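Chemist: Before I ask anything, here is the structure I am working with.
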Amino acid sequence: MNKILLSIIIYIASTNILAIDFNKLYKGWSNNQQVSYSASMGKELWSKEILPGKSCKSCHGSDLTQPGKHIRTNKIIKPLSLKSNPERLTKEKKINKWLKRNCKFTYKRECSPEEKISFIEFIRFN
Amino acid sequence: MTKKYISIGLFFVLIFAAIQSKSDYNLLNIFNKRGVQVIENTTYQEECGACHFDYQPGLLPERSWKKLMTNDELLNHFGEDVSFDDSSTANKIIKYLTLNAADKSSYNRSKKISRSLPSHQSPLRITNTPYIKRKHHGISKELITQQSVGSLSNCTACHNNAHKGDYDDDSVTIPNIKAGLISIELNTQKDGYVGIVKSTNESFKIISTKISSNLSVKKLCRVVSFKGNDEFSVRTYCKIKGGFWH
(Lines give C-alpha, C1' and ligand atoms only; values in the text may rest on other atoms or scores of the structure.)
Protein backbone atom coordinates (compact mmCIF):
# COMPACT_ATOMS: atom_id res chain seq x y z
CA MET A 1 0.00 0.00 0.00
CA ASN A 2 2.79 2.36 1.00
CA LYS A 3 4.60 1.53 -2.20
CA ILE A 4 1.58 2.46 -4.30
CA LEU A 5 1.15 5.74 -2.46
CA LEU A 6 4.82 6.54 -2.84
CA SER A 7 4.76 5.86 -6.56
CA ILE A 8 1.66 8.07 -6.97
CA ILE A 9 3.42 10.88 -5.12
CA ILE A 10 6.55 10.46 -7.23
CA TYR A 11 4.42 10.44 -10.38
CA ILE A 12 2.59 13.64 -9.47
CA ALA A 13 5.81 15.32 -8.44
CA SER A 14 7.56 14.33 -11.66
CA THR A 15 4.73 15.52 -13.91
CA ASN A 16 4.73 18.84 -12.10
CA ILE A 17 8.46 19.22 -12.60
CA LEU A 18 7.88 18.71 -16.32
CA ALA A 19 5.25 21.45 -16.55
CA ILE A 20 6.59 24.74 -17.86
CA ASP A 21 7.24 27.54 -15.39
CA PHE A 22 6.21 30.45 -17.59
CA ASN A 23 7.40 33.15 -15.19
CA LYS A 24 10.86 31.63 -15.21
CA LEU A 25 10.77 31.33 -19.00
CA TYR A 26 9.73 35.00 -19.39
CA LYS A 27 12.45 36.15 -17.00
CA GLY A 28 14.97 34.27 -19.09
CA TRP A 29 13.79 36.08 -22.24
CA SER A 30 13.77 39.51 -20.65
CA ASN A 31 17.06 38.95 -18.87
CA ASN A 32 15.30 39.66 -15.55
CA GLN A 33 14.38 43.16 -16.76
CA GLN A 34 10.89 44.55 -16.19
CA VAL A 35 8.89 44.39 -19.43
CA SER A 36 5.28 45.22 -20.17
CA TYR A 37 3.25 42.50 -21.75
CA SER A 38 -0.28 41.11 -21.84
CA ALA A 39 -2.48 38.62 -23.64
CA SER A 40 -4.47 41.52 -25.11
CA MET A 41 -1.24 43.07 -26.44
CA GLY A 42 -0.51 39.68 -28.00
CA LYS A 43 -3.95 39.65 -29.59
CA GLU A 44 -3.39 43.08 -31.08
CA LEU A 45 0.05 42.15 -32.45
CA TRP A 46 -1.35 38.87 -33.79
CA SER A 47 -2.96 40.43 -36.84
CA LYS A 48 -0.55 43.34 -37.24
CA GLU A 49 1.38 43.24 -40.51
CA ILE A 50 4.80 44.69 -39.79
CA LEU A 51 5.82 43.48 -43.24
CA PRO A 52 3.03 43.64 -45.84
CA GLY A 53 0.97 40.48 -46.14
CA LYS A 54 2.53 38.73 -43.17
CA SER A 55 1.29 38.44 -39.63
CA CYS A 56 0.82 35.58 -37.15
CA LYS A 57 -2.78 35.53 -38.32
CA SER A 58 -1.91 34.88 -41.96
CA CYS A 59 -0.82 31.31 -41.14
CA HIS A 60 -2.46 30.56 -37.77
CA GLY A 61 -5.78 32.36 -38.29
CA SER A 62 -7.51 34.47 -35.66
CA ASP A 63 -9.43 31.65 -33.95
CA LEU A 64 -6.66 29.68 -32.28
CA THR A 65 -8.89 26.68 -31.64
CA GLN A 66 -9.03 26.13 -35.40
CA PRO A 67 -6.25 24.73 -37.61
CA GLY A 68 -4.24 27.19 -39.69
CA LYS A 69 -2.67 27.04 -43.15
CA HIS A 70 0.88 28.01 -44.11
CA ILE A 71 0.66 30.92 -46.55
CA ARG A 72 3.58 29.78 -48.69
CA THR A 73 3.17 26.01 -48.70
CA ASN A 74 -0.55 25.46 -47.97
CA LYS A 75 0.42 22.97 -45.27
CA ILE A 76 -2.25 22.59 -42.57
CA ILE A 77 -1.01 23.75 -39.17
CA LYS A 78 -2.51 22.16 -36.05
CA PRO A 79 -4.44 24.54 -33.75
CA LEU A 80 -2.38 26.59 -31.31
CA SER A 81 -5.00 26.76 -28.58
CA LEU A 82 -4.53 24.41 -25.65
CA LYS A 83 -8.29 23.88 -25.72
CA SER A 84 -8.12 21.92 -28.96
CA ASN A 85 -4.46 20.88 -28.90
CA PRO A 86 -3.21 20.18 -25.36
CA GLU A 87 0.28 19.36 -26.65
CA ARG A 88 0.93 23.03 -27.32
CA LEU A 89 3.25 24.95 -24.95
CA THR A 90 4.44 21.81 -23.19
CA LYS A 91 8.08 21.88 -24.31
CA GLU A 92 10.32 24.86 -23.68
CA LYS A 93 12.70 23.90 -26.45
CA LYS A 94 9.86 23.88 -28.98
CA ILE A 95 8.50 27.23 -27.82
CA ASN A 96 11.91 28.84 -28.27
CA LYS A 97 12.52 27.20 -31.60
CA TRP A 98 9.21 28.22 -33.13
CA LEU A 99 9.21 31.77 -31.78
CA LYS A 100 12.62 32.30 -33.32
CA ARG A 101 11.80 30.70 -36.65
CA ASN A 102 8.37 32.25 -37.03
CA CYS A 103 9.44 35.74 -36.00
CA LYS A 104 12.12 35.55 -38.68
CA PHE A 105 9.55 34.31 -41.18
CA THR A 106 7.03 37.00 -40.35
CA TYR A 107 9.13 40.02 -39.36
CA LYS A 108 12.53 39.13 -40.88
CA ARG A 109 13.99 39.61 -37.40
CA GLU A 110 13.79 37.98 -34.00
CA CYS A 111 11.02 39.15 -31.68
CA SER A 112 11.55 41.35 -28.64
CA PRO A 113 10.90 39.91 -25.15
CA GLU A 114 7.69 41.98 -24.98
CA GLU A 115 6.42 40.51 -28.24
CA LYS A 116 7.38 36.96 -27.34
CA ILE A 117 5.77 37.03 -23.90
CA SER A 118 2.61 38.69 -25.23
CA PHE A 119 2.23 36.05 -27.95
CA ILE A 120 2.65 33.20 -25.48
CA GLU A 121 0.19 34.83 -23.06
CA PHE A 122 -2.31 35.23 -25.90
CA ILE A 123 -1.91 31.58 -26.90
CA ARG A 124 -2.13 30.36 -23.29
CA PHE A 125 -5.46 32.00 -22.63
CA ASN A 126 -7.22 31.67 -25.99
CA MET B 1 18.69 -37.97 -66.07
CA THR B 2 20.10 -34.72 -64.65
CA LYS B 3 18.90 -32.93 -67.79
CA LYS B 4 15.37 -34.07 -67.02
CA TYR B 5 15.58 -32.73 -63.44
CA ILE B 6 16.96 -29.41 -64.63
CA SER B 7 14.17 -28.97 -67.14
CA ILE B 8 11.50 -29.88 -64.58
CA GLY B 9 13.09 -27.41 -62.14
CA LEU B 10 13.18 -24.69 -64.77
CA PHE B 11 9.55 -25.35 -65.62
CA PHE B 12 8.49 -24.74 -62.01
CA VAL B 13 10.64 -21.63 -61.70
CA LEU B 14 8.99 -20.18 -64.81
CA ILE B 15 5.47 -21.01 -63.60
CA PHE B 16 6.26 -19.41 -60.23
CA ALA B 17 7.63 -16.26 -61.87
CA ALA B 18 4.61 -16.02 -64.16
CA ILE B 19 2.15 -16.28 -61.26
CA GLN B 20 4.10 -13.86 -59.13
CA SER B 21 4.28 -11.22 -61.82
CA LYS B 22 0.46 -11.21 -62.06
CA SER B 23 -0.14 -10.44 -58.38
CA ASP B 24 0.25 -7.01 -56.79
CA TYR B 25 2.52 -8.08 -53.98
CA ASN B 26 5.03 -10.42 -55.43
CA LEU B 27 8.45 -11.60 -54.49
CA LEU B 28 9.97 -10.06 -57.59
CA ASN B 29 8.93 -6.66 -56.24
CA ILE B 30 11.95 -6.83 -53.98
CA PHE B 31 13.91 -5.90 -57.08
CA ASN B 32 11.21 -3.68 -58.55
CA LYS B 33 9.61 -1.41 -55.94
CA ARG B 34 6.99 1.06 -57.06
CA GLY B 35 6.91 4.74 -56.11
CA VAL B 36 9.35 6.15 -53.58
CA GLN B 37 10.14 4.92 -50.10
CA VAL B 38 7.81 6.23 -47.37
CA ILE B 39 9.25 8.41 -44.61
CA GLU B 40 10.30 6.71 -41.41
CA ASN B 41 12.04 9.46 -39.50
CA THR B 42 10.25 11.55 -36.90
CA THR B 43 13.02 14.17 -36.66
CA TYR B 44 12.71 14.92 -40.37
CA GLN B 45 8.92 14.92 -40.19
CA GLU B 46 8.84 17.25 -37.20
CA GLU B 47 11.53 19.65 -38.34
CA CYS B 48 10.84 19.91 -42.06
CA GLY B 49 7.29 18.59 -42.28
CA ALA B 50 5.98 21.23 -39.88
CA CYS B 51 6.08 23.89 -42.59
CA HIS B 52 5.78 21.95 -45.82
CA PHE B 53 4.93 18.54 -47.22
CA ASP B 54 7.63 16.15 -46.06
CA TYR B 55 9.13 15.35 -49.43
CA GLN B 56 10.55 11.84 -49.45
CA PRO B 57 14.36 11.68 -49.57
CA GLY B 58 14.01 9.51 -52.67
CA LEU B 59 12.84 12.53 -54.66
CA LEU B 60 16.32 14.10 -54.92
CA PRO B 61 19.83 12.67 -55.24
CA GLU B 62 22.31 12.73 -52.37
CA ARG B 63 24.27 15.65 -53.85
CA SER B 64 21.13 17.82 -53.87
CA TRP B 65 20.26 17.07 -50.25
CA LYS B 66 23.82 17.77 -49.17
CA LYS B 67 23.73 21.15 -50.89
CA LEU B 68 20.27 21.98 -49.53
CA MET B 69 21.37 21.24 -45.98
CA THR B 70 24.49 23.44 -45.96
CA ASN B 71 24.38 26.35 -43.52
CA ASP B 72 24.30 28.91 -46.31
CA GLU B 73 21.32 27.26 -47.94
CA LEU B 74 19.44 26.83 -44.65
CA LEU B 75 19.88 30.53 -43.89
CA ASN B 76 18.09 31.22 -47.16
CA HIS B 77 15.82 28.24 -47.72
CA PHE B 78 13.82 29.43 -50.73
CA GLY B 79 13.73 32.85 -49.11
CA GLU B 80 13.33 31.81 -45.47
CA ASP B 81 15.82 31.43 -42.63
CA VAL B 82 15.30 27.90 -41.33
CA SER B 83 18.74 27.40 -39.78
CA PHE B 84 19.01 24.94 -36.92
CA ASP B 85 19.95 25.92 -33.39
CA ASP B 86 21.60 22.62 -32.62
CA SER B 87 23.80 20.90 -35.15
CA SER B 88 22.91 17.42 -33.88
CA THR B 89 19.35 17.75 -35.20
CA ALA B 90 20.62 19.02 -38.53
CA ASN B 91 23.12 16.17 -38.75
CA LYS B 92 20.44 13.57 -38.03
CA ILE B 93 18.38 14.94 -40.89
CA ILE B 94 21.32 15.12 -43.29
CA LYS B 95 22.18 11.51 -42.50
CA TYR B 96 18.61 10.38 -43.09
CA LEU B 97 18.22 12.32 -46.35
CA THR B 98 21.54 11.26 -47.86
CA LEU B 99 21.23 7.57 -46.92
CA ASN B 100 17.79 7.39 -48.52
CA ALA B 101 18.38 9.69 -51.49
CA ALA B 102 17.10 8.93 -54.98
CA ASP B 103 20.47 7.69 -56.24
CA LYS B 104 20.72 5.31 -53.27
CA SER B 105 17.19 3.99 -53.59
CA SER B 106 15.92 0.73 -55.03
CA TYR B 107 12.50 2.27 -55.66
CA ASN B 108 11.44 2.71 -59.25
CA ARG B 109 10.41 6.33 -59.24
CA SER B 110 13.51 7.36 -57.33
CA LYS B 111 15.66 5.56 -59.87
CA LYS B 112 13.89 7.38 -62.70
CA ILE B 113 14.45 10.77 -61.07
CA SER B 114 18.08 9.98 -60.46
CA ARG B 115 18.70 8.63 -63.97
CA SER B 116 17.11 11.68 -65.58
CA LEU B 117 19.63 13.99 -63.97
CA PRO B 118 23.07 14.73 -65.44
CA SER B 119 25.73 13.97 -62.82
CA HIS B 120 27.05 17.54 -62.74
CA GLN B 121 23.63 18.94 -61.78
CA SER B 122 22.37 19.07 -58.20
CA PRO B 123 19.03 20.90 -58.27
CA LEU B 124 17.57 22.13 -54.99
CA ARG B 125 14.02 21.84 -56.22
CA ILE B 126 12.43 18.48 -56.97
CA THR B 127 10.45 20.28 -59.66
CA ASN B 128 13.72 21.11 -61.44
CA THR B 129 14.67 17.50 -62.07
CA PRO B 130 14.13 16.52 -65.73
CA TYR B 131 11.94 13.53 -64.87
CA ILE B 132 9.50 15.50 -62.70
CA LYS B 133 9.46 18.36 -65.22
CA ARG B 134 8.65 15.99 -68.05
CA LYS B 135 5.93 14.24 -66.03
CA HIS B 136 4.16 17.55 -65.38
CA HIS B 137 4.80 19.04 -68.78
CA GLY B 138 1.28 18.82 -70.20
CA ILE B 139 -0.55 20.41 -67.28
CA SER B 140 -1.79 23.89 -68.06
CA LYS B 141 -0.44 26.81 -66.07
CA GLU B 142 -3.94 27.78 -64.95
CA LEU B 143 -4.46 24.44 -63.24
CA ILE B 144 -1.15 24.71 -61.42
CA THR B 145 -1.50 28.30 -60.23
CA GLN B 146 -5.15 27.98 -59.14
CA GLN B 147 -5.66 28.73 -55.46
CA SER B 148 -6.04 25.18 -54.18
CA VAL B 149 -2.78 24.10 -55.83
CA GLY B 150 -0.50 27.14 -56.01
CA SER B 151 2.59 25.54 -57.49
CA LEU B 152 4.06 22.20 -58.49
CA SER B 153 5.73 21.94 -55.09
CA ASN B 154 2.33 21.25 -53.50
CA CYS B 155 2.38 17.50 -54.26
CA THR B 156 -0.60 16.63 -52.08
CA ALA B 157 -2.94 19.01 -53.90
CA CYS B 158 -3.29 16.42 -56.67
CA HIS B 159 -1.38 13.29 -55.61
CA ASN B 160 -3.81 11.81 -53.10
CA ASN B 161 -1.35 9.17 -51.91
CA ALA B 162 1.81 11.28 -51.95
CA HIS B 163 2.38 10.68 -48.23
CA LYS B 164 2.52 6.95 -48.98
CA GLY B 165 5.21 7.50 -51.58
CA ASP B 166 2.68 6.67 -54.30
CA TYR B 167 2.77 9.13 -57.20
CA ASP B 168 0.93 6.89 -59.62
CA ASP B 169 -1.27 8.49 -62.29
CA ASP B 170 -4.21 6.45 -60.95
CA SER B 171 -4.20 8.29 -57.64
CA VAL B 172 -4.11 11.80 -59.12
CA THR B 173 -7.07 14.18 -59.01
CA ILE B 174 -6.36 17.63 -60.36
CA PRO B 175 -8.88 20.13 -58.95
CA ASN B 176 -11.02 21.73 -61.66
CA ILE B 177 -9.51 19.53 -64.34
CA LYS B 178 -12.61 19.80 -66.55
CA ALA B 179 -12.62 23.57 -66.41
CA GLY B 180 -8.94 23.47 -67.28
CA LEU B 181 -9.56 21.27 -70.28
CA ILE B 182 -12.22 23.55 -71.78
CA SER B 183 -10.90 26.90 -70.51
CA ILE B 184 -9.82 28.10 -73.97
CA GLU B 185 -13.32 27.48 -75.32
CA LEU B 186 -14.91 29.10 -72.26
CA ASN B 187 -12.73 32.15 -72.87
CA THR B 188 -13.26 32.49 -76.59
CA GLN B 189 -16.35 30.69 -77.92
CA LYS B 190 -19.90 31.99 -78.23
CA ASP B 191 -23.06 30.48 -76.75
CA GLY B 192 -24.14 27.40 -78.66
CA TYR B 193 -20.57 26.24 -79.28
CA VAL B 194 -20.20 22.46 -79.30
CA GLY B 195 -16.86 20.83 -78.63
CA ILE B 196 -15.12 17.75 -77.28
CA VAL B 197 -13.43 17.58 -73.87
CA LYS B 198 -9.87 16.54 -74.58
CA SER B 199 -8.88 13.23 -73.01
CA THR B 200 -12.37 12.27 -71.75
CA ASN B 201 -14.03 12.44 -75.18
CA GLU B 202 -17.24 13.84 -73.71
CA SER B 203 -19.01 16.37 -75.87
CA PHE B 204 -19.95 19.68 -74.38
CA LYS B 205 -22.10 22.63 -75.32
CA ILE B 206 -21.87 26.18 -74.03
CA ILE B 207 -25.51 26.98 -73.29
CA SER B 208 -25.56 30.52 -71.95
CA THR B 209 -23.52 33.38 -70.52
CA LYS B 210 -24.30 35.74 -67.69
CA ILE B 211 -22.66 38.22 -65.36
CA SER B 212 -23.16 37.52 -61.68
CA SER B 213 -22.31 40.29 -59.28
CA ASN B 214 -22.04 39.56 -55.63
CA LEU B 215 -21.24 42.59 -53.42
CA SER B 216 -18.41 44.27 -55.33
CA VAL B 217 -17.16 41.11 -57.06
CA LYS B 218 -18.24 40.73 -60.65
CA LYS B 219 -18.03 37.31 -62.21
CA LEU B 220 -18.47 36.03 -65.72
CA CYS B 221 -20.41 32.77 -65.71
CA ARG B 222 -21.08 30.23 -68.44
CA VAL B 223 -23.50 27.35 -68.30
CA VAL B 224 -22.15 24.21 -69.96
CA SER B 225 -23.75 20.86 -70.63
CA PHE B 226 -21.72 17.66 -70.92
CA LYS B 227 -22.74 14.50 -72.72
CA GLY B 228 -20.74 11.36 -72.06
CA ASN B 229 -21.47 7.76 -72.99
CA ASP B 230 -24.54 7.45 -70.82
CA GLU B 231 -24.27 10.52 -68.65
CA PHE B 232 -25.64 13.99 -69.07
CA SER B 233 -24.77 16.86 -66.76
CA VAL B 234 -24.98 20.63 -66.60
CA ARG B 235 -22.49 22.85 -64.79
CA THR B 236 -21.94 26.53 -64.34
CA TYR B 237 -18.39 27.86 -64.46
CA CYS B 238 -17.61 31.34 -63.19
CA LYS B 239 -14.48 33.44 -63.07
CA ILE B 240 -13.38 36.86 -61.99
CA LYS B 241 -11.54 39.04 -64.49
CA GLY B 242 -8.10 37.59 -65.12
CA GLY B 243 -8.91 34.59 -62.91
CA PHE B 244 -9.56 30.94 -63.51
CA TRP B 245 -12.83 29.13 -64.19
CA HIS B 246 -14.31 27.38 -61.17
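The values are calculated or read from the model by the stated rules, or taken from the named source; none is laboratory data. These numbers come from a predicted model, not from an experiment. Ideal geometry is used to build each Cβ from the backbone, glycine not excepted, and the neighbour counts take in all protein chains shown. Heavy atoms of the whole protein, side chains included, go into the accessibility calculation; ligands, DNA and RNA do not. Shrake-Rupley method; radii C 1.70, N 1.55, O 1.52, S 1.80 Å.
Chemist: Could you pull out the residue among B:S183, B:S233, B:S216, B:S225 that is of a type in the set (S, T, Y) and touching an Asp or Glu at 6+ places or on another chain (Cβ under 7 Å)?
Modeler: On the way: B:S233 fails: touching an Asp or Glu at 6+ places or on another chain (Cβ under 7 Å); B:S216 fails: touching an Asp or Glu at 6+ places or on another chain (Cβ under 7 Å); B:S225 fails: touching an Asp or Glu at 6+ places or on another chain (Cβ under 7 Å).
One residue alone meets the criteria, B:S183.
Chemist: Looking at the structure I just gave you, is B:F53 open to solvent by less than 30 Å² (accessible area, probe 1.4 Å) and within 14 Å of chain A (Cβ to nearest Cβ)?
Modeler: Judged against the criteria, B:F53 is a match.
Chemist: Can you name every residue in region A:102-114 that is open to solvent by less than 60 Å² (accessible area, probe 1.4 Å) and more than 12 Å from chain B (Cβ to nearest Cβ)? Give the derivation first.
Modeler: Initially, region A:102-114 is screened for residues open to solvent by less than 60 Å² (accessible area, probe 1.4 Å), giving A:102-107, A:111-113.
A:C111, A:S112, A:P113 - these are the residues of region A:102-114 that are open to solvent by less than 60 Å² (accessible area, probe 1.4 Å) and more than 12 Å from chain B (Cβ to nearest Cβ).
Chemist: Restricting to region A:68-79, what's the tally of residues that are within 12 Å of chain B (Cβ to nearest Cβ) and in a loop (DSSP other than H, G, I, E, B)?
Modeler: Our first condition is that a residue be within 12 Å of chain B (Cβ to nearest Cβ); within region A:68-79, this holds for A:68-78.
Among the residues that remain, those that are also in a loop (DSSP other than H, G, I, E, B) are: A:70-75, A:78.
Here the count works out to 7.
Chemist: Among the residues in region A:37-52, are any surrounded by 15 or more Cβ atoms within 10 Å (Cβ to Cβ), within 23 Å of B:L75 (Cα to Cα), within 14 Å of chain B (Cβ to nearest Cβ) and not polar (S, T, N, Q)? I'd like the intermediate steps shown before the answer.
Modeler: Step one: of region A:37-52, the residues surrounded by 15 or more Cβ atoms within 10 Å (Cβ to Cβ) are A:37, A:39, A:41-43, A:45-46.
Next, only the ones that are within 23 Å of B:L75 (Cα to Cα) stay: none.
For region A:37-52, residues surrounded by 15 or more Cβ atoms within 10 Å (Cβ to Cβ), within 23 Å of B:L75 (Cα to Cα), within 14 Å of chain B (Cβ to nearest Cβ) and not polar (S, T, N, Q): absent.
Yes or no, residue by residue, for (1) in a loop (DSSP other than H, G, I, E, B); (2) in contact with a strand residue (DSSP E or B) (Cβ under 7 Å, 6 or more places away or on another chain); (3) basic (K, R):
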| site | (1), (2), (3) |
| --- | --- |
| B:G180 | no, no, no |
| B:D191 | yes, yes, no |
| B:K205 | no, yes, yes |
| B:S208 | no, yes, no |
| B:K218 | no, yes, yes |
| B:V234 | no, yes, no |
| B:G243 | yes, no, no |
| B:H246 | yes, yes, no |
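Chemist: Moving on to the next point. Given the criteria modelled with pLDDT under 95, open to solvent by 40 Å² or more (accessible area, probe 1.4 Å) and assigned to a loop (DSSP other than H, G, I, E, B), does B:N187 qualify?
Modeler: Numbers: modelled with pLDDT under 95: yes; open to solvent by 40 Å² or more (accessible area, probe 1.4 Å): yes; assigned to a loop (DSSP other than H, G, I, E, B): no.
For B:N187, the condition - modelled with pLDDT under 95, open to solvent by 40 Å² or more (accessible area, probe 1.4 Å) and assigned to a loop (DSSP other than H, G, I, E, B) - is not met.
Chemist: Can you tell me how many residues within region B:88-104 are open to solvent by 20 Å² or more (accessible area, probe 1.4 Å), away from every other protein chain (no Cβ under 14 Å) and not basic (K, R)? Give the derivation first.
Modeler: Filtering region B:88-104 down to residues open to solvent by 20 Å² or more (accessible area, probe 1.4 Å) leaves B:88, B:91-92, B:94-96, B:99-100, B:103-104.
Next, from what is left, pick out any that are away from every other protein chain (no Cβ under 14 Å): B:91-92, B:94-96, B:99-100, B:103-104.
After this cut, where a residue has to be not basic (K, R) as well, the list is B:91, B:94, B:96, B:99-100, B:103.
Counting residues in region B:88-104 that are open to solvent by 20 Å² or more (accessible area, probe 1.4 Å), away from every other protein chain (no Cβ under 14 Å) and not basic (K, R) gives 6.
Chemist: Something else about it: Filter region B:162-184 for residues that are open to solvent by 40 Å² or more (accessible area, probe 1.4 Å) and among the charged types (D, E, K, R); which is farthest from B:Y107 (Cα to Cα)?
Modeler: Result: B:K178.
Chemist: Output the qualifying pairs, or none if there are none: Cβ atoms under 6 angstrom, residues six or more apart or on different chains, first residue in region B:139-155 and within 11 Å of chain A (Cβ to nearest Cβ), second residue outside any helix (DSSP H, G or I).
Modeler: If the second residue must be outside any helix (DSSP H, G or I), the pairs left are B:S148/B:P175; B:G150/A:N74; B:N154/A:N74; B:C155/B:F53.
The rows are residues; the columns are (1) closer than 22 Å to B:G79 by Cβ; (2) more than 10 Å from chain B (Cβ to nearest Cβ); (3) assigned to a loop (DSSP other than H, G, I, E, B); (4) open to solvent by 70 Å² or more (accessible area, probe 1.4 Å).
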{"position": "A:V35", "(1), (2), (3), (4)": "no, yes, yes, no"}
{"position": "A:S62", "(1), (2), (3), (4)": "no, yes, yes, yes"}
{"position": "A:Q66", "(1), (2), (3), (4)": "no, yes, yes, yes"}
{"position": "A:S81", "(1), (2), (3), (4)": "no, yes, yes, no"}
{"position": "A:K97", "(1), (2), (3), (4)": "yes, no, no, no"}
{"position": "A:K100", "(1), (2), (3), (4)": "yes, no, no, no"}
{"position": "A:K116", "(1), (2), (3), (4)": "no, yes, no, no"}
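Chemist: Further question: Take region B:62-81 and flag every residue that is in a helix (DSSP H, G or I), away from every other protein chain (no Cβ under 14 Å) and under 27 Å from the mean Cα position of the chain (by Cα). Break it down into steps so the answer makes sense when it comes.
Modeler: Filtering region B:62-81 for residues in a helix (DSSP H, G or I) gives B:62-68, B:71-75.
Among the residues that remain, those that are also away from every other protein chain (no Cβ under 14 Å) are: B:62-68, B:71-73.
Residues satisfying the conditions are B:E62, B:R63, B:S64, B:W65, B:K66, B:K67, B:L68, B:E73.
Chemist: A further question on this structure: Can we say A:G28 is open to solvent by less than 80 Å² (accessible area, probe 1.4 Å) and away from chain B (no Cβ under 12 Å)?
Modeler: It is true that A:G28 is open to solvent by less than 80 Å² (accessible area, probe 1.4 Å) and away from chain B (no Cβ under 12 Å).
Chemist: Of all residues in region B:222-234, how many are within 15 Å of B:Y193 (Cα to Cα) and surrounded by 13 or more Cβ atoms within 10 Å (Cβ to Cβ)?
Modeler: Within region B:222-234, the subset within 15 Å of B:Y193 (Cα to Cα) is B:222-227, B:234.
From what's left, surrounded by 13 or more Cβ atoms within 10 Å (Cβ to Cβ): B:222-227.
Going through region B:222-234 one residue at a time, the tally reaches 6.
Chemist: Report, by residue number, each residue of region B:145-161 that is assigned to a helix (DSSP H, G or I) and either in contact with a helix residue (DSSP H, G or I) (Cβ under 7 Å, 6 or more places away or on another chain) or crowded, with 19+ Cβ neighbours inside 10 Å (or both). Steps first, answer last, please.
Modeler: The first filter runs over region B:145-161 and keeps only residues assigned to a helix (DSSP H, G or I), leaving B:145, B:155-157.
Of everything in region B:145-161, those that are assigned to a helix (DSSP H, G or I) and either in contact with a helix residue (DSSP H, G or I) (Cβ under 7 Å, 6 or more places away or on another chain) or crowded, with 19+ Cβ neighbours inside 10 Å (or both) turn out to be B:C155, B:T156, B:A157.
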